[in-house]
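Beneath this line is the structure, given in structure tokens, with notes to follow.
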Amino acid sequence: MLALAVILLLGGLAFLIGRWRGAALAPAGGRIGAVHSRPVYHGAYVALLALAPALLVLAAWGLFGGAVIDERVLSALPTDARPLTPLDSGAFMNEVHGLANGDFAAAFNPDTARAVPIYQQMRREGDLATLLLAVALLLAGGLWAISQLKPAFRARNRVEAAVWLALLLASIVAILTTFGILLSLVFESLRFFELVPLSDFLFGLKWSPQTALRADQVGASGAFGALPLFWGTIFIGAIIAMLVAIPLGLMAAIYLTQYARPRVRRVLKPVLELLAGIPTVVYGFFAALTVAPAVRQLGVALGYADASAESALAAGLVMGVMIIPFVSSMADDALMAVPDAVRDGSYAMGATRSETVRMVLVPAALPGIVGGVLLAISRAIGETMIVVMAAGMAARLTLNPFDSVTTVTTQIVALLTGDQEFDSAKTLSAFALGLVLFVITFLLNIYALRVVKTYREAYE
Amino acid sequence: MSPARPLLREPTDWSAAALRVRLARRHRSERLFRLAGLGALLLAGLFLAFLLFTIIRDGASGFRHSEVAVTVTFDPQSVRSGDYVGLMQRSARALPVAGDVVSEGAWVALREAVAADPALVGQTRTMWVPARSSIDLLAKGKFDLAQPALSRGVSDADVAAWRALAAAGRLRQGFNLDFLTGSASTSPELAGIWGAALGSLLTLAITIAIAFPVGVFAAIYLQEFAPRNRWTDLIEVSINNLAAVPSIIFGLLGLAVFLNFAGLPRSAPLVGGLTLALMTLPVIVIAARAAIGAVSPGVRDAALAVGASRLQTVFDHVLPQALPGILTGTIIGMARALGETAPLLLIGMRAFVADVPHGLAAPATVLPVQIFLWSDDAQRGFIEKTSAAIIVLLLVLVLLNSLAIVLRNHFERRA
């Protein structure tokens, strides 16, 4: 932190010197065009050449320095104090770090206490060496840049080239993220499918990852059949939630676009959007604490004696309400995109408003509405907190909405929180579930976006 | 005038009974349809109102707490040895009630009192200390005392203790400052949100520091400079898709890349901020592109005409005009990031931190995750804490969104 502040301060100084030198290039009373670039670009050029290498050095030390120090500390210890396995050395060094930072009051393992002074010394020396190197690079880069400044020097073009590079890099981040998601999911999933065959995972009916204590039991026990999870996800997200969200969202959009006066629309639309702004954890809490008991009572009243406290219906209902504004705004856009001539034509034929909506507008806007519904489904099946808090953990294939079911996202959270041993099939299966979820939502999104786009173009 | 042609059919008799019936039916279905539309909106509005009502009903009491008056003799022996726990226990035992009525953490109040006023040592004072959760809830009327002891969730002994305390005038209610300034605790009466709020702040600071510059730069490139080719299409598809990818997938990405591959610390605001930055980035890019695209082409042409370079045109002339739109989009993205829970669970930001987070790399939790953890807690006292924390979170979100609306209106009027 201190090193970074020093470097940035020196970089600011380099900027000021560069700007001053740039300003001094212009002869007093000389022609405006005598110097190619404005002083500020000279300053920026000097600062750029001074800061870039120094910051790179600092970043490299920040990223890899810890590992280098740890390795050297371990090799500096006498052999009898060294941890035996790589796993032990991880825990060993964690304790050393904690002791050195003052997080731990006393050493649990007496050997770590011996490593602490070595660690602290190496950390000090490493930090100092890095800072010195960075300052040296900063001075070299800055001085070299200053030596280049001449009236004809194209400082602006050089600085702009750097900005171009930054713009390009920033736009590539989105692609890198997509590939990062894909690679990490595929890579971990492949390791999972080495332990569990793909067909068992996709079509198996039994899901109980808790029994997989040892990797060699997994394949035999067949406890990673994800079909009940897929069903639970579809049941809650694509069926129950949509039974709530599609009629309500569509009717709300129809009322807002066709019936409501502008003033009413201005009041009601933000209210609907408020529903979309509430964090999902709040919906989850509401579903678990208020809706689920009511649904259970309803189940009991309907003669279903062992209605579960956590039910597909409770989670699906609340999720449906959460999705309403999403469906409604997509339907709103689709209805508004239908040309007025179509509507006026229908009115001219003597149709009432509702007849126009039902027989002309909705059919005309159908592709847009369907696209919106697909996006809504994609959002519902990827939604996590509501189902984690209200849907339960029981993986079962059931058509009864009062039963507890579990979903892909619920299981991902359950598998990856709490005590996790790395590289076990249990942990890796979460990534396989994530991959399935990503692929499905990706296909839904791409398809829906394309439908919506071609539909809009058709009317433009 | 041309000769009248013979009519092909008789003119419709609109006053005929059959047609009147048909028209009435059509008008009725029109009214029903209209009512259905209004009903859908009202249903959604009612749900929202009911949700807010239950949260406020359960949570409002979370901002108050009950205190018990305990007579404490600050004997020098206990103070010197720092045995405030024992001092508290001895003092509480002298209360005219049976059983525990003060909070496990009540001794902290004694320590703070002595630290604030060392002259207390050797004196006897009446101290108001936090009551235990069940007493607190009884005082707030959270239990239905008409029910039998087994099903009402509180023991007869506690009810008797509460009645005795109240009768002795040793119970009062006050504003629960501990809730706003405290951190996570296993005792509901001591739990506070400050630690989680600070964790949220640190996490969002990282998110905005990364997502804002990268998002705006990406938007500038795509909107102003990108050539129309396959590469640009790929970037656009990526961004549009990332905006719709489930948030939990970003959690898996953070776990695999930042924690397992790069070896960054678990539970840290640094990793949470990075993960949320990747999630918020597409939102900012899309908003910024719309804002930049809405700037009149005349501005660009004028700047280019007087000899500005393309980058000078964008940074000095287009960007300032697009800034309100960009900021609005950024605030909305930040509001979404602030309410996000699932990805942060996966990177371990559910740490129990009984203190405020110490830095960007130290274990921390955030407000929504704290809400989730409390909602999972079986202790009855956490229900009101969860609801109260939700009230705070919603208030912050309302503030953020109002800021976005004010910003938009302000600049729209000026433009």
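Here are a few things to note about the model shown:
- Chain B: most fluctuating residue of B:T12, B:T232, B:T275 per GNM, C-alpha cutoff 10 Å: B:T12
- About the centre of its Cα atoms, chain B shows a dipole size close to 1660 debye [charges on the beta carbon of Lys, Arg (+1) and Asp, Glu (-1) only; nearest 20 debye].
- The simple spin-label model puts a point 7 Å past each Cα toward its Cβ; for B:D355 and A:D80 those points are separated by 3.5 nm.
- Between B and A, roughly 6600 Å² of accessible area is buried in total, ligands, DNA and RNA not counted and the probe set to 1.4 Å.
- Total charge dipole magnitude, the protein assembly as shown, about the Cα centre, Cβ charges on Lys, Arg, Asp, Glu only, Debye to nearest 20: 3180 debye
- Fraction of accessible area attributable to carbon and sulfur, chain A (%, probe 1.4 Å): 67 percent
- Over segment B:291-342: Kirkwood hydrodynamic radius from C-alpha pairwise inverse distances, Å: 12.4 Å
- Surface per residue (accessible, 1.4 Å probe) for chain A, Å²: 48 Å²
- Between helix A:362-382 and chain A: long-axis angle, C-alpha atoms, 0 to 90°, nearest 10: 60 degrees
- Candidates per chymotrypsin sites (Phe, Trp or Tyr not before Pro) in segment A:375-435, loop by DSSP, up to 11 other Cβ within 10 Å: A:F422
- Cleavage-rule hits, GluC sites (Glu not before Pro), segment A:91-160, DSSP coil, Cβ neighbours within 10 Å at most 13: none
- Listed residue (B:A322, A:G126, A:P279) projecting farthest to the positive dipole end of the protein assembly as shown, Cβ model: B:A322
- 3J(HN,Hα) from dihedral phi, segment A:235-244, Karplus parametrisation 6.51/-1.76/1.60, rounded to Hz, x for glycine, proline: 4, 6, x, 9, 10, 5, 4, 6, 4, 7
- Percent accessible area from carbon and sulfur atoms, segment B:194-414, protein chains only, probe 1.4 Å: 66 percent
- For A:K206, a cut-off of 23 angstrom between C-alpha atoms picks up these lysines, skipping any fewer than 8 places away in its own chain: A:K426.
- Amide H within-cut-off set for B:V102, under 5 Å, with H built and near neighbours excluded: B:R132
- Hull volume per residue, based on the alpha-carbon atoms of segment A:1-154 and their convex hull, is 107 Å³.
- For segment A:354-460, the alpha-carbon radius of gyration amounts to 1.45 times the rule-of-thumb value 2.2 N^0.38 Å expected for a compact globular protein.
- Model label points for A:D340 and B:R26, set 7 angstrom from Cα along the Cα-to-Cβ axis, are 2.4 nm apart.
- Label-to-label distance, nm, for residues given as B:R380 and A:L132 (7 Å Cα→Cβ offset): 6.7 nm
- Taking N as the residue count of the protein assembly as shown, its C-alpha radius of gyration divided by 2.2 N^0.38 Å amounts to 1.13.
- Rule-of-thumb Rg ratio for segment A:94-205 [Cα; 2.2 N^0.38 Å; N residues]: 1.96
- Eigenvalues of the alpha-carbon gyration tensor of segment A:219-459, scaled by 5 and square-rooted, set the equivalent ellipsoid semi-axes at 38, 21, 15 angstrom, largest first.
- Of B:E236, B:E189, B:E67, the one that fluctuates the most in a GNM where chain B has Cα springs shorter than 10 Å: B:E236
- With contacts taken as Cα pairs under 8 Å and at least 6 residues apart, segment B:194-414 reaches a relative contact order of 30 percent.
- Length-normalised contact order for segment A:219-459 - Cα pairs under 8 Å, 6+ apart - percent: 29 percent
- Against chain B, whose longest principal axis comes from its Cα atoms, helix B:381-414 is set at around 40 degrees.
- Per residue, the solvent-accessible area of segment B:60-175 (1.4 Å probe, heavy atoms of protein chains only, all protein chains present) comes to 51 Å².
- When the Cα positions of B:G251, B:L42, A:F203 are compared along the charge dipole of the protein assembly as shown, B:L42 comes out farthest toward the positive end, with charges on each C-beta of Lys, Arg, Asp and Glu.
- Amide H contacts for B:T71 (H built 1.01 Å from N in the peptide plane; partners 5 or more residues away or on another chain; cut-off under 5 Å): B:M127.
- Theoretical gain in end-to-end length, B:S151 to B:S187 [0.36 nm per residue, Cα-Cα removed]: 10.8 nm
- Shown here for segment B:214-295: trypsin sites (Lys or Arg not before Pro) in loop regions (DSSP other than H, G, I, E, B) with at most 14 other Cβ atoms within 10 Å, namely B:R228, B:R266.
- A cut-off of 5 Å between modelled amide H atoms, ignoring neighbours fewer than 5 places along the same chain, links B:R64 with B:N176.
- Evaluated at q = 0.13, 0.16, 0.17, 0.19 Å⁻¹, a Debye calculation over the C-alpha positions of segment B:60-175 (equal weights, vacuum) places log10 I(q)/I(0) at -0.52, -0.74, -0.81, -0.96.
- When the charge dipole of segment B:60-175 is built from unit charges on Cβ atoms (+1 for Lys and Arg, -1 for Asp and Glu) and taken about the Cα centre, the candidate among B:Q147, B:S91, B:V114 whose Cα reaches farthest toward its positive end is B:Q147.
- Only Cα sites of segment B:194-414 enter the Debye sum here, all with the same form factor; the resulting log10 I(q)/I(0) across q = 0.09, 0.15, 0.18 1/Å is -0.43, -0.99, -1.25, listed in q order.
- Reachable lysines, given that their alpha-carbon falls under 23 Å from the alpha-carbon of B:K385 and they are not under 8 places away in the same chain: B:K140, B:K142
- Debye equation applied to the C-alpha atoms of chain B, log10 I(q)/I(0) at 0.08, 0.14 Å⁻¹: -0.68, -1.23
- Overall, segment B:14-115 carries a charge dipole of about 1500 debye about its Cα centre when +1 sits on the Cβ of Lys and Arg and -1 on the Cβ of Asp and Glu, all other atoms neutral.
The values are calculated or read from the model by the stated rules, or taken from the named source; none is laboratory data. Predicted, not measured: the structure shown is a model, and the values here were computed from it. Positions of Cβ are backbone-derived with ideal geometry, glycine not excepted, and every protein chain shown enters the neighbour counts. Surface accessibility is based on the protein's heavy atoms, side chains included, excluding ligands, DNA and RNA. Shrake-Rupley method; radii C 1.70, N 1.55, O 1.52, S 1.80 Å.
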